[in-house]
Every structure is written in C-alpha cells, then in structure tokens.
Amino acid sequence: QIIHLADYRQTDFVLERVDLTFELDPTETKVEARLIFHRREGVDPAAPLVLDGDELVMTGLLFDQMEMDAARYDASPDSLTIRDLPATEPFEITITTQINPEANTQLMGLYRTNGIYCTQCEAEGFRRITYFPDRPDVLAVYTVNIIADKASCPLLLSNGNFLGGAGYGEGKHFAAWFDPHPKPSYLFALVAGDLGVVEDTFTTMSGREVALKIYVEHGKEPRAAYAMDALKRSMKWDEEVFGCEYDLDIFMIVAVSDFNMGAMENKGLNVFNDKYVLADPETATDQDYANIEAIIAHEYFHNWTGNRVTCRDWFQLCLKEGLTVYRDHEFSADQRSRAVKRIAEVRHLKSEQFPEDAGPLAHPVRPTKYREINNFYTTTVYEKGSEVTRMIATILGRDGFKKGMDLYFERHDGDAATIEDFVKCFEDANGVDLSQFSLWYSQAGTPLVSISSSYDQAKGDFTLSLEQMIPPTPGQAAKDPMHIPLRFGLLLADGSEAAPGAINGAEVTGDVLHLKERRQTVTFSGIASRPVVSLNRGFSAPVNLHFEQASADLAHIARHDDDLFARWQALNDLALPSLVAAARKARAGEPVETNPVLADTLIAIAGDETLEPAFRAQALALPSESDIARELGSNNDPDAIRAGREAVLAFVANRDPAVFTALFAGHRTEGAFTPDAASAGHRALRNAALAYLAVSDGTPAHAADAFAAADNMTDLSAALTVLAHRFPDAPETAKALEAFRARFADNALVIDKWFSIQSTIPGEGALARVKGLMESPHFNKSNPNRVRALVGTFAFSNPTGFNRADGEGYRFLAGQILEIDPKNPQLAARILTSMRSWRALEEVRSDHARNALRSIAAGEKLSSDVSDIVERMLKG
Ligand code: ARG
Ligand code: ZN
C-alpha cells in the first residue's frame with residue numbers, strides 16, 4: 001500500500017496525555033497505555049478512533065476505567081478501532097498489550113540486546129509497543145513508569161526528568177519519568193538493564209546545570225570519555241551558533257551493541273550504536289573519532305531541529321535530517337579543518353548520493369510517495385537535504401540564514417512542521433522569494449551544468465555560457481530549471497583574482513553566480529588577461545559540471561586557488577578524465593598512458609609543507625573506482641576500471657618515490673596519541689604515502705614494518721589494509737591478520753575492522769574469503785554491525801570482488817538478503833541497496849544482477865522493506 005503526501009490530513013482525535021506503565025520481562029512484557037483523547041472540533045461525531053499496531057497482542061481495554069464492551073471495538077495485530085466515542089468531552093482509553101522483547105529481532109519497538117532492554121521507535125516502532133496514533137504530528141506529554149527486576153535491571157530510564165522510584169514487591173523496583181515537552185511517539189525511549197556510567201555536567205547559557213550521563217557496558221567507561229567531550233562541545237556550539245539551549249535537567253546517552261542505524265535522538269535519552277560512542281587510541285581510528293564527534297553532535301542537535309520542531313509527516317523527514325546534518329557538518333567544520341571536512345563531505349556525497357540519484361532508487365529530497373518509510377532514511381534525504389540547506393545559507397549569506405533560523409525556532413517551536421513552513425521563514429525573514437529554489441526539494445536527479453568560456457582580449461570581456469539539464473528520474477520525466485548558486489573566482493596567471501568591472505547576464509551576489517535559466521550567458525568586463533575560472537567553489541551546489549578545462553588550467557587552480565576545497569576539486573577534475581581514459585584503454589586491452597601533469601601536480605601538492613597534512617592526504621587519494629564508474633555512466637566493467645586506475649596509481653607512485661619516502665618518514669606523530677585533527681592529518685598523510693610506497697616498492701616490507709611499529713589503531717589498520725589489499729597472499733599478511741585477530745578477539749568493534757579489511761580485498765577471490773569469514777566464530781549473523789562489516793562492506797565497497805563477471809557475488813547477496821529479511825528487514829533492505837547501480841553495468845553482469853534481483857523478488861513472505869527496494873530496482 002502506497003502513502004501519498006497529497007493525502008495528508010489531521011487526525012480526528014487530539015491526544016492530550018500519555019501514561020505508560022511497563023512491567024518488563026524478557027519474553028512477557030506487559031505494557032499499559034492510558035491515553036486521554038478528545039474529538040477534534042468539527043469532526044463527524046460518528047467517526048471511530050483508529051490506532052496503529054504492529055504484531056500486537058491486546059490483553060485488556062478500558063474506557064474511562066471500565067472494561068470496554070466488545071461490540072465497540074475491533075482489535076487485530078496491526079490496528080485497533082474504537083467506536084461510539086464522546087462527541088466533545090475528553091475520554092480515557094487504557095490499553096494493555098503483551099510483547100516479547102527477546103523475540104524482537106527486527107530491533108524496532110522494545111527489544112533486548114545483551115541483557116539490556118532498549119527501544120527504537122523511529123519511524124514506526126512505537127506501534128510495536130502499544131496501539132497508538134503512531135505519526136509524528138500527534139504530540140503529547142508522557143509519563144512513564146517502569147517496573148523491573150532489581151538485580152538484572154538496576155537502571156530504569158526513559159525520556160524527560162526523573163520523578164522518583166522505589167522498591168516494588170519481591171525483588172522488583174520501579175522508576176517514574178516525566179517529559180514536560182510534548183513529543184511524537186517516535187521520540188519515545190525506554191532503557192533498562194545493568195550498565196556502567198560516565199557522568200559530567202554542563203551549565204547552559206542561562207545558567208542551568210544539566211546532568212550528563214553516558215551509559216555503556218561495565219568496564220567500557222573509559223572508552224566513553226571522548227563521546228562526553230564531544231557532547232559538551234556540541235552543547236556549547238549549539239548555544240553559540242544557533243542560540244539553542246538544552247531544556248531538561250538531564251541528558252542521557254546509552255550505547256548498545258545491536259542497533260539498526262547509527263543512533264537515535266529520543267528526547268533526553270539518545271540511544272546509540274556503540275560503534276559511535278566507544279573509542280580509545282588502541283581500538284579506534286581517527287575516522288572513528290571523527291564519526292563519534294559528528295554523530296554525538298547530530299543527535300544532540302536534533303533536540304531543537306527534530307524534537308522541539310518536529311515533522312508533520314514522514315514526507316518531511318529532510319526537515320529534521322537535512323537540517324541536522326547541515327548543523328553537524330558545520331559543527332565538525334568549526335572543530336576541525338573546514339576545507340578538509342568539506343572535501344570529505346563532498347567525497348561522501350558523490351560516492352553515495354550521486355549514484356542513488358542516478359539510479360532506480362532516485363527520489364526527491366522530499367518524496368511524495370512511499371511504501372515503506374524505513375527505506376527513505378537515505379543519503380538523498382540526509383546528505384542532499386543538507387546540501388539544500390547549505391545552498392539556502394549560500395544564497396542568503398550568513399546573517400540572512402541566521403535570521404531565517406531564528407524565525408523558524410520562534411514561529412514553529414512545539415510544531416510539527418513542513419518544508420514549506422521552513423522555507424517560508426527564510427523568505428519572510430529576508431524578504432526574498434525562494435519558490436524556484438524550492439524545486440530542490442521536489443525534483444530528483446543531480447543537475448548537470450555544462451559550461452563553455454571565451455575571452456575577448458581586445459574588449460577585455462570574459463564570457464561564460466552555462467546550460468543546466470536535470471536528468472529524468474523514476475516518475476519524473478521532465479524538469480524545470482532550478483536555481484543553482486555557483487561560487488566562483490576568476491584566477492589570473494599570477495594566482496591573484498580578477499575583479500570584474502561589470503557583470504551582465506546573471507545575478508551575482510558577492511562571489512556567487514545565480515544560474516536560474518535553462519541557458520544563460522554571463523559576461524565579465526574589464527578583465528585584462530585570460531582568466532581561469534574556479535567554479536562551484538566549496539561545492540556550493542550539488543551538481544555535476546561539464547567544463548572542458550585544459551589540464552594546465554586545472555593544474556593552475558590546483559596549485560594556486562586560495563580556496564583549498566577548489567584546489568582539491570581541480571585535482572579531482574584533472575584526475576578523472578585520466579582515470580576514465582585509463583579504464584577504456586584497459587577494457588580494450590591497450591596500454592594505459594597517464595597525464596604527467598596530473599602526477600606532477602599531485603606530487604607537488606603532497607610535498608608542499610606549507611599546506612596542512614590532512615589536505616595533502618586528501619589530494620593523494622585518487623578518485624575511487626566507483627567515482628570512475630559514475631563518470632563513465634554506463635556499460636561498466638569494474639575489472640577494467642580497477643585495472644586502469646591501478647595503472648595510473650602505479651604511474652604516480654613511480655614518478656617520484658622519494659617524495660613518498662620522505663612523507664612517510666617525516667609525518668610520524670610522536671608521543672602520546674591524541675585524536676585532534678592536526679595529529680590525525682599527519683597520520684593520514686603518512687598512511688597515504690605508505691600506500692604509494694607499497695606500490696612503487698612492490699613488496700610487503702614497508703607495510704609489515706609499519707604494522708609492527710604502529711602504536712594506534714589508525715596506523716595499525718592502515719598498514720593492515722595495505723598488506724591485505726596489495727599482498728593478499730604474502731605470509732606477512734597472513735601473520736598480521738592473525739596477530740590483529742588474536743589481539744582484538746574480544747573487541748567486536750575492532751573485529752569488524754578485521755572483517756571489513758578482508759571483505760574489501762579486490763578481485764574474484766573475495767567471495768570465497770567472505771564465505772569463509774562467515775564461518776568464523778567471531779561472526780554473528782544476528783548482530784547488524786557484524787553483518788554490515790562483512791556482507792555489507794563486501795557488496796558496497798568491493799567493486800571487483802562483488803561484481804564478479806560470473807554473477808556469483810550477486811547470487812550470494814540474494815541468498816543473504818533472503819536469509820536476513822525474515823529476522824531483520826531493515827538490515828536486509830539497506831544492504832540490498834548496494835545493488836542500486838546495477839543498470840550501469842555491462843550486459844553480462846547486469847543480466848546476472850537482474851536475475852539475482854528477480855530471485856529476491858520471487859522470495860516468499862518478503863518484508864515490505866525488501867520488496868519495496870527490489871521492485872523499485874527492477875522497475876526504475
Ligand atoms: N533519526 C535518526 C538519526 O538520523 C535515524 C533514525 C533512522 N530510522 C530508521 N528507521 N532508519 O539520527
Ligand atoms: Zn538525524
């Protein structure tokens with residue numbers, strides 16, 4: 001059944017209050033929900049109350065405390081309908097349900113992981129706890145009572161502020177929580193169990209002291225210190241930058257090891273995948289630290305963008321997610337190097353969102369229909385949604401954006417809002433019209449901007465001709481021209497920037513050119529010599545650019561732009577055509593030639609000690625195999641793409657190995673490990689150099705030495721990756737893999753790295769390796785992190801291994817999907833999206849892929865999650 005945005009209407013009944021009582025038991029938990037409703041004014045007095053359920057068993061139903069007459073209701077596992085309800089006065093419904101947390105392998109609703117009771121309610125998990133108007137526009141104040149065994153559950157947590165607790169009969173106790181902030185059911189949370197805690201406090205800008213608690217498994221407390229630090233920095237930053245202050249007496253985070261996603265922003269009680277909380281130098285990489293910082297911030301920031309202002313319906317998901325991702329990106333940019341952070345964001349956007357937008361799963365940032373909402377927690381809603389928010393900031397400028405945000409909080413605090421509400425705040429606060437801009441929310445597909453330029457020396461005129469094209473996507477054949485804000489600069493030969501006398505043909509505000517028509521010609525006058533255009537600086541718009549710039553011009557930007565991001569982008573634009581050409585040559589069995597300008601520019605930047613090391617490491621990382629596949633567009637052969645890329649890589653590695661030797665030797669971080677961005681940058685550069693050294697040298701010696709010498713997880717896993725990926729059959733590799741396994745055997749999060757490093761070893765041997773690893777005692781197919789680390793990483797990040805020409809990779813994945821789906825549909829559907837670009841493969845592979853997808857589609861009793869994805873992939 002398909003839900004349409006256009007069908008939205010308010011509920012007939014207003015929910016006033018919610019009182020929940022849980023009697024926790026591993027297999028027979030009793031939930032009593034007392035709900036006070038009244039009929040909304042003007043609603044038909046005969047209209048029944050219809051509540052959502054999902055696999056529920058009802059054991060009691062009271063109306064105003066009296067047993068409800070059976071003739072007045074119908075209960076099924078997925079809904080409860082009650083008739084003959086008062087026309088105007090409030091009434092109370094008390095529903096009792098019995099649920100089995102132990103058997104809840106979907107990890108939605110109330111479940112148990114490692115003896116801990118926890119919940120995940122977004123998007124529609126609350127209806128697995130009790131019958132409820134389970135939709136985000138139903139906001140109410142909740143009181144929660146939790147009764148549980150005292151010995152196994154000393155800790156009883158829910159949203160809001162702690163009211164009190166006491167003993168409760170034989171061996172039990174109870175606790176009561178009250179959340180004064182009206183909230184939708186998806187923000188409900190309950191946690192109970194026996195956990196260790198790290199505590200701190202934060203004093204808000206108005207002087208209130210907030211207790212901060214991070215709960216982790218006993219013994220892991222020291223590994224939560226960094227998360228606590230990140231939390232305090234997030235709280236401070238949100239006050240300083242957005243004026244957002246925390247609004248309860250306590251803020252809690254609980255880390256659990258079985259979790260379908262990264263984390264969840266439940267009011268006052270965030271629940272996290274422990275991967276995004278736990279870190280210490282011995283077991284966490286710099287990337288892990290950066291992820292923890294970003295996700296702690298993300299969930300905390302939801303307190304205002306998501307919780308205080310929530311979504312009217314799930315079509316508006318990007319209202320909270322796109323905005324909150326934008327906020328966490330800005331936070332990380334302020335905590336670290338802004339340019340390097342931006343490069344990482346754009347790499348991620350291009351490698352994840354651009355393929356989604358170019359394939360059968362493409363959908364608008366704000367979709368207009370869905371079958372399964374869980375399948376819309378996508379990189380389009382999150383990351384493209386963030387880019388759309390960033391464009392508003394680019395168009396309005398820092399102050400204009402702030403004014404709009406202030407108005408948004410002022411106008412919509414306590415509301416369940418829409419994208420229209422959000423955009424209107426920016427319009428009203430700045431007196432502008434954003435109607436054309438709003439197409440970014442409704443038109444799917446990555447716009448393609450084609451550009452050509454000419455220079456008239458005699459007149460001093462420089463002209464840019466721009467044309468935008470938005471490719472067709474499922475359900476959207478034709479599109480209107482969009483408002484595309486392009487930051488730009490005109491670089492002169494000496495590296496300085498031209499200041500045009502006049503600009504005609506487009507609106508330009510500051511350094512932003514506003515492309516609004518399908519075709520536009522822009523003339524810059526008073527330009528004394530031919531400039532090199534640096535366009536889409538900072539990736540101001542999430543578009544593809546087709547601009548035939550000469551290698552020398554790109555190299556000029558790469559070496560001289562004062563915008564570091566633009567330098568990286570120019571390098572990327574220089575590299576991609578070489579890599580594409582190399583892939584074509586490799587496919588044709590011809591020798592690959594590499595553009596020496598690329599190699600020399602890259603090496604010059606890598607060796608430039610005036611630049612920050614993290615940036616130089618990014619510069620050294622050539623576009624990935626999937627970047628090349630995307631650039632090629634169709635009829636792709638992943639083996640040829642890899643072969644071509646390897647040839648270019650080898651050319652760069654052999655061009656001047658001394659540079660890499662020097663970088664490797666010169667960027668050792670001395671002394672005790674610190675996870676700060678500067679130290680991480682040195683490690684990144686050193687490890688990038690190691691990867692090139694392994695290629696030029698052709699032996700495992702460097703990596704084996706680096707592995708032996710490593711005193712932190714970043715260096716250790718980087719060395720192990722080089723060994724495994726470059727020298728999979730070397731005895732040094734086998735030894736290192738085993739040493740790593742043995743040393744971290746009891747740390748599941750590190751063992752996940754061990755799985756991922758091996759599942760991404762390129763080539764057709766990968767599948768056998770993955771199958772072998774699934775037999776390892778460390779593998780656990782009911783733990784989402786393990787499954788993602790091994791099966792997910794193989795399918796998403798091993799192009800040559802997964803896309804074997806004989807189709808075995810796809811058949812393996814199909815088998816896995818059918819096996820995972822009955823237990824955990826969300827996990828299965830998510831991993832299946834790894835096949836989203838199957839249509840861009842050459843014929844032999846795409847035939848195998850189609851057959852594998854069909855075999856999934858033919859599966860019995862598919863979840864709506866998997867059938868929705870597989871059907872869209874076969875259709876679109
Ligand atoms: N709201 C959470 C976050 O972005 C993620 C929830 C994901 N839910 C889902 N059904 N996939 O922080
Ligand atoms: Zn979020």
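Couple of notes before you dig in:
- Verdict on I99 being among the aliphatic types (A, V, I, L, M), in contact with a Ser or Thr (Cβ under 6 Å, 6 or more places away or on another chain) and in contact (Cβ under 8 Å) with a residue 60 or more places away in the chain: yes
- Scanning region 801-820 for residues that are part of a loop (DSSP other than H, G, I, E, B) and surrounded by fewer than 24 Cβ atoms within 10 Å (Cβ to Cβ) returns R804, A805, D806, G807.
- The condition of being more than 14 Å from ligand 1 (Cβ to nearest atom), touching a residue at least 24 places away in the same chain (Cβ under 8 Å), in a helix (DSSP H, G or I) and touching a helix residue (DSSP H, G or I) at 6+ places or on another chain (Cβ under 7 Å) holds for D238.
One line per residue, one yes/no per condition, for (1) of a type outside the set (D, E, K, R); (2) in contact with a Ser or Thr (Cβ under 8 Å, 6 or more places away or on another chain); (3) within 15 Å of ligand 2 (Cβ to nearest atom):
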| position | (1), (2), (3) |
| --- | --- |
| V256 | yes, yes, no |
| N266 | yes, yes, yes |
| D286 | no, yes, no |
| A290 | yes, yes, no |
| I295 | yes, no, yes |
| Y300 | yes, yes, yes |
| D334 | no, no, no |
| R338 | no, no, no |
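- When we screen S696, S717 for residues that are touching a Lys or Arg at 6+ places or on another chain (Cβ under 7 Å) and assigned to a helix (DSSP H, G or I), the only hit is S717.
- Residue in region 393-402 that is more than 16 Å from ligand 1 (Cβ to nearest atom), over 25 Å from L434 (Cα atoms) and hydrophobic (A, V, I, L, M, F, W, C) present: no
- Criterion violated by L749 - all others in (1) over 30 Å from A694 (Cα atoms); (2) assigned to a helix (DSSP H, G or I) satisfied: (1)
- Within region 381-412, tally of residues that are polar (S, T, N, Q), under 21 Å from E122 (Cβ atoms) and surrounded by fewer than 24 Cβ atoms within 10 Å (Cβ to Cβ): 0
- Residue match in region 597-605 (condition: assigned to a helix (DSSP H, G or I), closer than 24 Å to F664 by Cβ and touching a residue at least 60 places away in the same chain (Cβ under 8 Å)): no
- Within region 217-235, the set of residues being touching a residue at least 24 places away in the same chain (Cβ under 8 Å), part of a helix (DSSP H, G or I) and of a type outside the set (A, V, I, L, M) comprises E221, P222, R223, Y226, K232, R233, S234.
- Selection status of L663, surrounded by 22 or more Cβ atoms within 10 Å (Cβ to Cβ) and at pLDDT 95 or above: yes
- Only one of the listed residues (F422, F401, F426) is touching a Gly at 6+ places or on another chain (Cβ under 9 Å), over 26 Å from D7 (Cβ atoms) and not hydroxyl-bearing (S, T, Y). That residue is F426.
- For region 277-291, the set of residues classified as within 14 Å of ligand 1 (Cβ to nearest atom) and surrounded by 24 or more Cβ atoms within 10 Å (Cβ to Cβ) consists of V277 only.
- The number of residues in region 824-872 that are over 21 Å from the mean Cα position of the chain (by Cα), aliphatic (A, V, I, L, M) and outside any strand (DSSP E or B) comes to 10.
- Taking each residue of region 573-594 that is in contact (Cβ under 8 Å) with a residue 60 or more places away in the chain and looking for partners that are small (G, A, S) with beta-carbon atoms closer than 6 Å, six or more apart or interchain, yields A582/G644; A582/A647; A583/A640; A583/G644; A586/A640; A586/A643; A586/G644.
- The residue that is surrounded by the fewest Cβ atoms within 10 Å (Cβ to Cβ), counting only those in region 101-140 that are of a type in the set (D, E) and within 15 Å of ligand 1 (Cβ to nearest atom), is E124.
- Of the residues contained in region 756-773, none is found to be free of Cβ contacts under 8 Å to residues at least 40 places away in the same chain and closer than 15 Å to E819 by Cβ.
- Taking region 613-650 as the range and being crowded, with 18+ Cβ neighbours inside 10 Å and over 23 Å from A840 (Cβ atoms) as the test, the residues that pass are P613, A614, F615, R616, A617, Q618, A619, L620.
Rundown of residues vs (1) surrounded by fewer than 24 Cβ atoms within 10 Å (Cβ to Cβ); (2) within 13 Å of the chain's Cα centre (by Cα), yes/no style:
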{"position": "H302", "(1), (2)": "no, no"}
{"position": "V309", "(1), (2)": "yes, no"}
{"position": "Q316", "(1), (2)": "no, no"}
{"position": "T324", "(1), (2)": "no, yes"}
{"position": "E330", "(1), (2)": "yes, no"}
{"position": "R336", "(1), (2)": "yes, no"}
{"position": "H348", "(1), (2)": "yes, yes"}
{"position": "V365", "(1), (2)": "no, no"}
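- Scan of region 606-619 for residues that are in a loop (DSSP other than H, G, I, E, B) and not small (G, A, S), ordered by number: D608, E609, T610, L611, E612
- Among (1) within 12 Å of ligand 1 (Cβ to nearest atom); (2) within 23 Å of Y408 (Cα to Cα); (3) touching a residue at least 60 places away in the same chain (Cβ under 8 Å); (4) crowded, with 24+ Cβ neighbours inside 10 Å - the single one H298 does not satisfy: (3)
- Every residue from region 705-737 that is surrounded by fewer than 22 Cβ atoms within 10 Å (Cβ to Cβ) and either of a type in the set (F, W, Y) or over 32 Å from the mean Cα position of the chain (by Cα) (or both): D705, A708, A709, F727, D729, A730, P731, E732, A734, K735
- Per this entry, D274 is counted among residues that are more than 12 Å from ligand 2 (Cβ to nearest atom) and under 27 Å from N114 (Cβ atoms).
- Subset of region 1-36 [touching a helix residue (DSSP H, G or I) at 6+ places or on another chain (Cβ under 9 Å), among the hydroxyl-bearing types (S, T, Y) and surrounded by 16 or more Cβ atoms within 10 Å (Cβ to Cβ)]: T29
- Checked against the criterion of being in contact with a Pro (Cβ under 6 Å, 6 or more places away or on another chain) and within 16 Å of ligand 2 (Cβ to nearest atom), the candidates E387, E352 yield just one match: E387.
- R668 vs. criteria in contact with a His (Cβ under 9 Å, 6 or more places away or on another chain), under 18 Å from T283 (Cβ atoms) and among the basic types (K, R): no
The values are calculated or read from the model by the stated rules, or taken from the named source; none is laboratory data. Since the model is a prediction, treat every value here as computed from it, not as a measurement. Methodologically, a virtual Cβ is constructed for each residue, glycine included, from the backbone with ideal geometry; neighbour enumeration extends over all protein chains shown.
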